[in-house]
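The values are calculated or read from the model by the stated rules, or taken from the named source; none is laboratory data. Every value quoted in this text rests on a predicted model; they were computed, and no experiment measured them. When we count neighbours, we look across all protein chains shown, and the Cβ atoms used for this are built from the backbone with ideal geometry, even at glycine.
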Amino acid sequence: MSGKLFGDIEYMKGIGSIKGEKYRRLGITTPYELLFHIPRNYLDFSRCVPLSEAVTGENNFLRLTVIKKLPVQSVRKGLAVAKATATDGTDDILLVFYNNIYTFNTLKENHIYYMYGKVTGNLIKKEMNAPVFLSEGDNLIQPVYRLTKGLSLNVIRNDIKRAIEILVNEPSETLPESIRREYNLAPLVWSLENIHFPENSLSADNARYRLAFEELLKLQLGMLMLKSRSKSHTAFKMNKNTDISDFLDSLPFRLTDGQKKATDEITADLCRDVPMNRLLQGDVGSGKTAVASVACYFSAKNGIQSALMAPTEILAVQHYNTLCGFLEPFGINVCLLTGSVTAKNKSAIREKILSGYYDVIVGTHAIIQKDVEYKSLGLVITDEQHRFGVAQRSALAGKGISPHRLVMSATPIPRTLALMIYGDLDISVIRQLPQGRKPIKTYAVTGKMRHRAFNFVRDRLSEGRQAYVVCPMIEDSDSELLAVRSYAENAVKEDLRGFSVEILHGKMSANEKDRVMKKFRDGNTDVLICTTVVEVGVDVPNAVVMVIENAERFGLSQIHQLRGRVGRGQFESSCILITDNLSEECRHRMKIMSSTTDGFKISEEDLKMRGPGDFFGNAQHGLPPVKVADISCDMELMQTAHRCAEEILLADPLLESEDNKCLKNEIVKLFQNGITG
Ligand code: ADP
Ligand code: MG
């Protein structure tokens, strides 16, 4: 495809350099891209009601004849008000336009218009302020777009109309005819026309379906191609008769069914010719580390080194301690390699990694950097927590070696999203928590209840337990530090008088953080006042209460992760959410948090409310943006697209046929940011 459709948007009729710049700021550089500026929703003017039945105080669609345009009044400097009377035979209404004389001037007396706007007033006198209107003969379904500064709805609509005129003259199609027939998909040109200017709601639905399908299909194709690309041979095929029963017997607990199943899947992968590429997904506290330890044991028995990467130093230390405890009794040597290891120790450790003395290497992701050489690194485990994205995963695969890879994620994500983000991985899910865990009780209160909440905290502390208080992370790290510090000072003076308090935040050095964390873990600090630094996987079973301040500032999944820090021992645990935000949305969120501990359910809600972009915060998941599909509810469509992608690749693994040429080009373009490399 080429021609005007893919030329600079600036040169499209009616646009020019100023508007062109505004579009560029939206990421729109060609008329074709403009066509993918998809309507947020539609105004359906076919839903007109008689004026006598219009609901006052709400938006209504009306079909009105303008009776008389009144003279424009200048209320005060810079504010002009224009009015007109109108009727539909059932009643009369006054139309009011503020400072919008241009629009007002287009109205003609004795003509019929479709109008949309809020109706105010009473039975005797009705008014409609700043109505949106269409003339008779216009398309009754009008698109509504996300608005941007300097580009009004009308401007965008008209520009898109022109882009469609270009499109119609440069017919194009991205999907092979056979796929369109099999999945009952409308042609591209028709779909783009109808997603913007549908004749009726059915054609809007069909258009959206086709475009969403294509979008998800490309995503799935890209992911699957990535997956098959990494399926080269591995030099680390292990022996499937490796006996792990002694190790399993030695663990301080019996694996749950979910852990067992995941372990079986992983060890089976390790014995195949192709490298494992697996996501281990499990709620906080589901015991993923134990599963990882089995994988390390299995590899060590096969004479193969494993590396376990954690996103933070605190976590690395914790994993190191856990793995040492489990593995060293079997003569398996575990080392810790992080930024804070001294240079001298580091080189000693590196030597022993190269010589093969160490079987298991734990650390931050520095352990896969170039200066660390391994004797036989055959298994790389990342405790991901969404901190490493698709791009990083494929970067590792591109290192020339083909180790087995296991990614652990603590955020349970809906299956559709998992398919999308981890489409390049196989997935193991641990659904249940170990037995005997007491569910965390969660309460949401306002600031007025803070003192009572802290009474409760003090009671637990007096019983010898510990507590966390989480303050929201503030972007600017200096104020983050200040906020936590001053909060701590006040708390010590008031609510936590007599108890030992330490603070933990992102601005501290790794050493400092470690010291504070260790002290808390050893029970020498009663209360840890912290930011979300503590979010990832820290395990202190004696901590039984968590207070979260300004709870409205956290995402649902994030709160779920945070509160997973408590409830890790034999004690009953609670989480108290404090917020003064009384908006309906916030209340709804707090209600979800206090009514369920099912991480999957929570993340689904989270996704629904925030959309996939915000769901991941700033984390670079490295995926192309999804514009048409709504991945929080297009579950079925995602699965259909996945199936279709598998079908296409089965017949044409590298998309080399003439039919698939267009698709391939688009996928290469989409994934060019590091993924297809
Ligand atoms: P996560 O999946 O959040 O990383 P961890 O691996 O940190 O979970 O495990 C949480 C806690 O549960 C740890 O204290 C661990 O020792 C314990 N644990 C793990 N598996 C089991 C089990 N099968 N039965 C009882 N406790 C377990
Ligand atoms: Mg963990």
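As for the range 251-258, it holds at least one residue that is free of Cβ contacts under 8 Å to residues at least 40 places away in the same chain, part of a loop (DSSP other than H, G, I, E, B) and within 16 Å of ligand 2 (Cβ to nearest atom).
Can you tell me which residue in the range 252-278 is farthest from the chain's Cα centre (by Cα), limited to those that are within 14 Å of ligand 1 (Cβ to nearest atom) and more than 23 Å from Thr411 (Cβ to Cβ)? The qualifying residue farthest from the chain's Cα centre (by Cα) is Pro252.
How about the range 74-133: which of its residues are more than 16 Å from Glu58 (Cα to Cα), touching a residue at least 12 places away in the same chain (Cβ under 8 Å) and hydroxyl-bearing (Ser, Thr, Tyr)? Selection gives Thr85, Thr87, Thr90, Tyr98, Tyr113, Tyr114.
The rows are residues; the columns are (1) hydroxyl-bearing (Ser, Thr, Tyr); (2) outside any helix (DSSP H, G or I); (3) closer than 29 Å to Thr597 by Cβ; (4) modelled with pLDDT under 95.
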position	(1), (2), (3), (4)
Leu323	no, no, yes, no
Pro329	no, no, no, no
Lys346	no, no, no, yes
Arg350	no, no, no, yes
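Candidates are the residues of the range 554-599 that are touching a helix residue (DSSP H, G or I) at 6+ places or on another chain (Cβ under 8 Å) and among the acidic types (Asp, Glu); the one that is nearest to Met449 (Cα to Cα) is Asp580. Restricting attention to the range 560-605, the residues that are free of Cβ contacts under 8 Å to residues at least 40 places away in the same chain and of a type in the set (A, V, I, L, M) total 1. Scanning the range 174-198 for residues that are among the charged types (D, E, K, R) and surrounded by fewer than 14 Cβ atoms within 10 Å (Cβ to Cβ) gives Glu177, Arg181, Glu182. For the range 275-313, the set of residues classified as assigned to a helix (DSSP H, G or I), of a type in the set (Val, Ile, Thr) and touching a strand residue (DSSP E or B) at 6+ places or on another chain (Cβ under 9 Å) consists of Thr289, Val291, listed by residue number.
The set of residues in the range 533-568 that are within 26 Å of the chain's Cα centre (by Cα) and away from ligand 1 (no atom under 16 Å from the Cβ) comprises Val533, Val547, Ile548, Glu549, Asn550, Ala551, Glu552, Arg553, Phe554, Gly555, Leu556. When restricted to residues that are surrounded by fewer than 20 Cβ atoms within 10 Å (Cβ to Cβ) and either touching a strand residue (DSSP E or B) at 6+ places or on another chain (Cβ under 8 Å) or aromatic (Phe, Trp, Tyr) (or both), the range 248-274 contains 3. Would you confirm whether any residue within the range 479-488 is over 15 Å from Glu313 (Cβ atoms), at pLDDT 90 or above and crowded, with 17+ Cβ neighbours inside 10 Å? No, the range 479-488 contains no residue that is over 15 Å from Glu313 (Cβ atoms), at pLDDT 90 or above and crowded, with 17+ Cβ neighbours inside 10 Å. Return a yes/no flag: does the range 511-519 have any residue that is within 16 Å of ligand 1 (Cβ to nearest atom) and either of a type in the set (Ser, Thr, Tyr) or within 21 Å of Val457 (Cβ to Cβ) (or both). Looking through the range 511-519, at least one residue is within 16 Å of ligand 1 (Cβ to nearest atom) and either of a type in the set (Ser, Thr, Tyr) or within 21 Å of Val457 (Cβ to Cβ) (or both). Selection of the range 279-335 for residues being at positive phi and either more than 12 Å from ligand 1 (Cβ to nearest atom) or crowded, with 23+ Cβ neighbours inside 10 Å (or both) yields Gly303, Gly331.
Within this structure, Ser172 fails the test of being hydroxyl-bearing (Ser, Thr, Tyr), part of a helix (DSSP H, G or I) and more than 31 Å from the chain's Cα centre (by Cα). Just need a number here: residues in the range 548-570 that are under 21 Å from Gln466 (Cβ atoms) and surrounded by fewer than 18 Cβ atoms within 10 Å (Cβ to Cβ). Summing the residues that are under 21 Å from Gln466 (Cβ atoms) and surrounded by fewer than 18 Cβ atoms within 10 Å (Cβ to Cβ) in the range 548-570 gives 2. Among the numbered conditions (1) in contact with a Ser or Thr (Cβ under 9 Å, 6 or more places away or on another chain); (2) surrounded by fewer than 24 Cβ atoms within 10 Å (Cβ to Cβ), the only one that Cys575 does not meet is (2). Residues that are more than 16 Å from ligand 2 (Cβ to nearest atom) and touching a residue at least 60 places away in the same chain (Cβ under 8 Å) within the range 279-300 comprise Phe298, Ser299, Ala300, listed in sequence order. Do we find a residue being among the basic types (Lys, Arg) and within 30 Å of Val501 (Cα to Cα) anywhere in the range 603-610? No, there is no match, as no residue in the range 603-610 is among the basic types (Lys, Arg) and within 30 Å of Val501 (Cα to Cα).
If we scan the range 527-537, do we find a residue that is within 16 Å of ligand 2 (Cβ to nearest atom), touching a Lys or Arg at 6+ places or on another chain (Cβ under 9 Å) and not in a helix (DSSP H, G or I)? Scanning the range 527-537, I find at least one residue that is within 16 Å of ligand 2 (Cβ to nearest atom), touching a Lys or Arg at 6+ places or on another chain (Cβ under 9 Å) and not in a helix (DSSP H, G or I), so the answer is yes. If the condition is being polar (S, T, N, Q) and surrounded by 13 or more Cβ atoms within 10 Å (Cβ to Cβ), then the range 47-76 contributes Thr56, Asn59, Asn60, Thr65. With the condition kept exactly as written, say whether any residue in the range 58-70 is assigned by TED's automatic domain parsing to the domain that holds Ile101 and either small (Gly, Ala, Ser) or part of a loop (DSSP other than H, G, I, E, B) (or both). Yes - at least one qualifying residue is present in the range 58-70.
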